[in-house]
Amino acid sequence: MRNPYRLATALLLFVFSGPTLADTTLIHAGELLSVPGQSPGTRQTIVVVDDRITDIVDGFESAADYDGNVRIIDLSDKFVLPGLMDMHVHLQGELGPNNDRDSLRMSDQLMQMRSIHYAMNTLKAGFTTVRDVGSSPQEMYAMRDAINMGWIDGPRIIAAGGVGITGGHADVSGVSPELMELYTSPNICDGPYDCRRAARNAIKYGADLVKITSTGGVMTDRATGTGQQMETDELREVVLAAARMGRKVASHAHHEDGIIAALEAGVASIEHGSYTGPRAIKLFRETGAYLVPTLLAGKTVAEMAVEADFMSDAVKEKAIRVGNDMAGSFERAHKAGVNIAYGTDSGISPHGTNAEEAVLMVAAGMDEMDVIIAATINAADLIDMSDDIGTIEAGKYADIIAVDESPLDNIEQLLDVDFVMKGGKVYKN
């Protein structure tokens, strides 16, 4: 005799297992910059099905023209553009007097909760994709994966694994020898073959890219300068090992000797590039590598160092000198035709203030459209995601933001984003 409950279940599955109609969102855009670099259009409808854009239509479409569950988002009085991207963030902290104390007192789990908070500040500021280039790796990989699986909300994260040399910028500093020993990363290396191992190790544990430090850094609590520190053979081995496993390399670099060494080794991007001179500019143009300028970090540390009690004298000296020199170097590089991808070093500056970088870039001589290109098309190219993000076009993820007026006329409009959609989901309206 047949089980009536099993039969009823089978009938329900038969009835409801047919194709379901996708959710459709119609966004009425008053002014639309669908492809940065091209002229914006007016009175257009962006058609979004589930998480992707399916069409851009002239005029304001009606829900009656579409089947299934249709919603309309009225941005008819707004300027609409692709979600912005920040290619240099550190989501696990914020520079300040309590940063070191919090790192020692907080559990890893609580710090992860704070990272989610910082990530949401970033997303609500209009930055739908970020590249985290320096956080505790397993926690960052976990947050990246949880966001991708829809378990938590946040920007799309491209997460780096760090490789650095003993005593260099990526190594632990400013604490007791006992804590240095405890917190030293397994990816600290010395010599080309050890650095090859470290790069492979970073990728093994989940890195989307490898971050190296070819020069010293401002926030390293040692008076070891900001010139080249990683040797050329170490840099080349890291880049080669990463390339063999399908990963790009980003290099922190301030002085020109370290910039040149990293570019000659084949890195995809230079982070900061504070002293980019003629030889480095020539290499940038030959290789097509990107400069990620982080002017906001320079401004932040230079201002903070004047009165900050929590900075050592070694850090203050570097912060004031390098921070005040970054804008001039960026202006020269941009005028010379170097590829620029947007990046802030947020975590030095507060998360959610990422758009302040755009204001500084314009002040340093870049026009508004080029700033938006750096934060959309160029950033997508740097992370090999041009097929999915960077413009508002059919087939791409629905990463869309809106502001009151055109940022092409006033870049400060990006400081107050009114609407944020990432992957078809609205996070701010």
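The values are calculated or read from the model by the stated rules, or taken from the named source; none is laboratory data. Fair warning: this is a prediction, and the values are worked out from it, not measured in the lab. Note that each Cβ is placed from the backbone with ideal geometry, even for glycine, and that neighbours are counted across all protein chains shown.
Annotations for the structure displayed:
- Yes/no for Ser62 being of a type in the set (Ser, Thr, Tyr) and modelled with pLDDT of 90 or more: yes
- Of all residues in segment 115-138, those satisfying the criterion of being under 19 Å from Asp345 (Cβ atoms) and at pLDDT below 95 are Gly134, Ser135, Ser136, Pro137.
- Subset of segment 276-289 that is under 22 Å from the mean Cα position of the chain (by Cα) and over 16 Å from Leu209 (Cβ atoms) - its residue that is surrounded by the most Cβ atoms within 10 Å (Cβ to Cβ): Thr276
Here's the yes/no breakdown for (1) in the same structural domain as Ser34 (by TED's automatic domain parsing); (2) among the hydrophobic types (A, V, I, L, M, F, W, C):
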position: Asp345; (1), (2): no, no
position: Val362; (1), (2): no, yes
position: Glu368; (1), (2): no, no
position: Asn378; (1), (2): no, no
position: Val417; (1), (2): yes, yes
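- Number of positions in segment 313-348 that are part of a helix (DSSP H, G or I) and of a type in the set (Phe, Trp, Tyr): 1
- Elements of type helices (runs of 4 or more DSSP H) contained in segment 191-310, each with 1 or more residues being of a type in the set (Asp, Glu) and out of contact with any Pro (no Cβ under 8 Å at 6 or more places or on another chain): 192-204, 256-265, 278-287, 295-307
- Residue within segment 366-378 that is over 18 Å from the mean Cα position of the chain (by Cα), without any contact (Cβ under 8 Å) to a residue 12 or more places away in the chain and under 30 Å from Ala336 (Cβ atoms) present: yes
- Residues that are within 30 Å of Gly328 (Cβ to Cβ) and acidic (Asp, Glu) are absent from segment 417-429 altogether.
- Between Val301, Val315, Val306, Val292, the distinction of being more than 24 Å from the chain's Cα centre (by Cα) and surrounded by 23 or more Cβ atoms within 10 Å (Cβ to Cβ) belongs to Val315 only.
- Filter result for Ile158 (under 26 Å from Ala253 (Cβ atoms) and either of a type in the set (A, V, I, L, M) or in a loop (DSSP other than H, G, I, E, B) (or both)): yes
- Within segment 402-429, the residues that satisfy the criterion of being in contact with an Asp or Glu (Cβ under 8 Å, 6 or more places away or on another chain), assigned to a strand (DSSP E or B) and not aromatic (Phe, Trp, Tyr) are Ala402, Val403, Met421, Lys422, Lys425, Lys428.
- Only one of the listed residues (Ile259, Ile270) is surrounded by 24 or more Cβ atoms within 10 Å (Cβ to Cβ), touching a strand residue (DSSP E or B) at 6+ places or on another chain (Cβ under 6 Å), free of Cβ contacts under 8 Å to residues at least 40 places away in the same chain and in the same structural domain as Val210 (by TED's automatic domain parsing). That residue is Ile270.
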